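The values are calculated or read from the model by the stated rules, or taken from the named source; none is laboratory data. Since the structure is predicted, the reported quantities are computational estimates derived from the model, not experimental observations. So basically every Cβ, Gly included, is an ideal-geometry build from the backbone, and we count neighbours across all protein chains shown. Areas reflect the complete protein model, heavy atoms only, side chains present, ligands, DNA and RNA absent. Shrake-Rupley method; radii C 1.70, N 1.55, O 1.52, S 1.80 Å.
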Amino acid sequence: MLAAIAYDLGANVLAAECFFRGALFNRAQRRWSFAGAATIATAAYVLRYVVDPLLPKQVELVVGAVFYLALLGAINCWLLWWSESLVPGLVSALVFFAVYRTLGA
Amino acid sequence: MISLIAAALAVVTTLVALEGAGPSSLLRHVYLLPVLAAALRFGAGGGALAAMGAVLLSAPFVLPEIERSGLTTEAVEGLVTFAVLGLVGVMSGVLRTRAGRHRRRYEILVAIQRTLADEATLDVSLARLRAALAGRLRVDEIAIVGRDDERLVIAGGDRVAEGSLVARVLESGEPAFVDDAGGSVRARRAFATPLVSGEQTVGVLAVERKGELSLAERATLQAVGAHLGLALENARLVSRQRRFASELAERVSTARRELEELDRAKSAFVAIASHELRTPLTALQGFSEILAVRRLPPEEVTRLAEVMRREARRLGRIVSDLLDLSRIERGLEPALCRVPLKIEPAIEATVDIFRQGSATHLVTTECEPSLPVVDADPDALERVLTNLISNAINYSPTGSAVHVGARALDGAVAIEVADAGRGIPADALGRVFEPYYRVPDAAGVARGTGIGLAVVKALVEAHGGTVRVESAPALGTRVIVVLPACAAAIHGRSRSVP
């Protein structure tokens, strides 16, 4: 579990937040509205995890993942927009994945 | 409010759990209350979040049922409840947001009307509007630009930079939106909309905000811009109308004062003219009776005849002046019989009459040699000179000199009559050529009808010439009459120039 959390901290969360919020959402919200930009960034974020081979392909797990990841993505978009910093989003995603890993264990 | 909604959701969840009826519990409908409250308080976002919270809290009652027994009627009821909660939360929130937006728009319109209700200059009106709108539009920066003829009045800035958003909107008359006007993470949005009155762009309303500036808000800003344009135009028209009415009242008042003054002047004129006519008539009547009833020595007869001739000439001059004044007042020019006339003999002849008639002043003449011939009516010129010289004599102290001169100008002859008298006050100089006007304290100094200079001006202008007065109080007055020379004389003179 510690290895998984370390992976989330060092690679998964950091890369995802930097790309989906720091680059994609940030770029999109300069051109479109917050809602449009958040939808695009969140959809891409959810898609990245749904197509992840590590995600079990059971329907209820996929639906649950879509729901919670969409929620996380939207919240992180708002956090970045509100605070103008990636740190709150990083913390929120880290907490989310830590809880996920803990529950999985 | 947030904690109240959260508490309500928690209470409902607890009650559903305690009831133990699962997804078909009737208490699940109570979730609608906090969801609706959140939607009405916070709009679409709040409604959606509250609905999501309700769904998450009731999910443990619905999802296990689906896992256990599949999509049973109860499970479907639970799923339908999710959908209803979501719809109610979002729809109510959207409606609430729209209603709020409409209310804000009406508040803005009322604020605009109230701000422009007072009469003020465009600069002041725009500054007040900017202050009134800044808080209501919830933007970071606001600027209002208004056209005042060729001038641009700006509230919230110093100038309109060339090529800027405002300049573009002013030129095109179309709204413009800049989705990224700088800023760190949250982009600054800028929007400018024209203030329209009829087909004209009378100004621009420009706003800037860090973050969202939605389509609906831009539509509101456009509506505000259109209303602002009309309101500004109305305020401008009302201001102009009031100014016009005020000017009209002022003019009517001035005209009435002038008419009253004219009426008084005419009354005074009638009295003075009667007196002026009566004086020579009395002299003529008296001396003619003496001549008729008495036998007098020839020298005395000659003296009386000379007095009668002088008085008859004076009477004739007054009558001529009155006739000319009558023509002037009817908008006609004095009748002239113009012939080529040498100025110097005409001046000398007129001055001689005064030299013979008055020993109180020294009348001197100085004319340039070879003055050009003028195209003038001899009688009119004599009356002009007589009026000017008699004025100079009447309004200068006994023993002082009156100087009459003439000099050639380019294509004209200037005649000057100067005295060393009391002069004319500066504020009266502009009015001395008005009919019936007399310098306020002149009545006590000399007799006069107040029409002499008016007639002089009319006669000179009828000749195509000009007349002007230069005067310094206590130093004297100089009247300069410029008459155009005959065309032939001009050519003759110009030919003689090497």
Taking the Cα centre of the protein assembly as shown as the origin, how large is its charge dipole in debye, to the nearest 20, when only Lys and Arg (+1) and Asp and Glu (-1) carry charge on their Cβ atoms?
900
Shielding of B:184-194 by partners, i.e. mean partner chain Cβ atoms within 10 Å per residue?
3
Quotient of Cα Rg and 2.2 N^0.38 Å for the range B:316-376, N being how many residues it contains
1.45
Explain nothing, just the number: relative contact order of chain B, from Cα pairs under 8 Å at least 6 residues apart, as a whole percent.
8
For the range B:132-197, count the residues as N, evaluate 2.2 N^0.38 Å, and divide the Cα radius of gyration by that value, please.
1.17
Given contacts defined as C-alpha pairs under 8 Å and at least six residues apart, what's the relative contact order of the range B:7-155, whole-number percent?
21
Cα gyration tensor shape of the range B:399-475, rounded if a/c is under 1.5, else prolate or oblate by comparing a/b with b/c
oblate
Rounded to whole Å, sorted largest first: equivalent-ellipsoid semi-axes of the range B:213-311, Cα gyration tensor:
82, 11, 5
Hey, can you rank B:189-199, B:211-221 by average C-beta count inside 10 Å, highest first?
B:189-199, B:211-221
Cross-link reach from residue B:342 to lysines, straight Cα distance under 24 Å and at least 8 residues apart if same chain, gives B:457
Average partner chain C-beta neighbours within 10 Å, per residue of B:209-217?
2
Work the Kirkwood hydrodynamic radius out for the range B:1-104: mean of 1/r over every pair of different alpha-carbon atoms, inverted, in Å.
13.8
Axial C-alpha extent at least 24 Å, average Kyte-Doolittle at least -1.0 - helices from chain B (DSSP)
B:2-19, B:32-69, B:73-117, B:215-293, B:298-329
So how do A:88-95, B:168-175 stack up, highest first, on mean other-Cβ count within 10 Å?
A:88-95, B:168-175
Check residue B:424: other-chain or 5+ apart residues with amide H under 5 Å from its amide H, H built from backbone geometry?
B:472
For residue B:463, the accessible surface traced by a 1.4 Å probe with all protein chains present amounts, in square angstrom to the nearest 10, to 10
Chain B: D in µm²/s via Stokes-Einstein (Kirkwood Rh, Cα pairs, 20 °C, 1.002 mPa s)?
66
On a 0 to 90° scale, report how tilted helix A:87-104 is relative to the longest principal axis of chain A, with both axes built from alpha carbons and the result rounded to the nearest 10.
20
Radius of gyration and Dmax for the protein assembly as shown's Cα atoms, expressed in Å?
50.0, 162
Length released on extending from residue B:244 to residue B:487, taking residue separation times 0.36 nm less the Cα-Cα span
82.6 nm
Between helix A:34-50 and chain A, what is the angle of the helix's C-alpha long axis to the longest principal axis, kept within 0 to 90° and rounded to the nearest 10?
20
Taking all pairs of distinct Cα atoms, average 1/r, flip it, and tell me the Kirkwood hydrodynamic radius of the range A:49-94 in Å to one decimal place.
11.5
Report relative contact order for the range B:107-174 in percent, whole number only (criteria: Cα-Cα under 8 Å, sequence separation at least 6).
25
State the three equivalent ellipsoid semi-axes of chain A, derived from the C-alpha gyration tensor as the square roots of 5 times its eigenvalues, in descending order and whole Å.
23, 16, 11
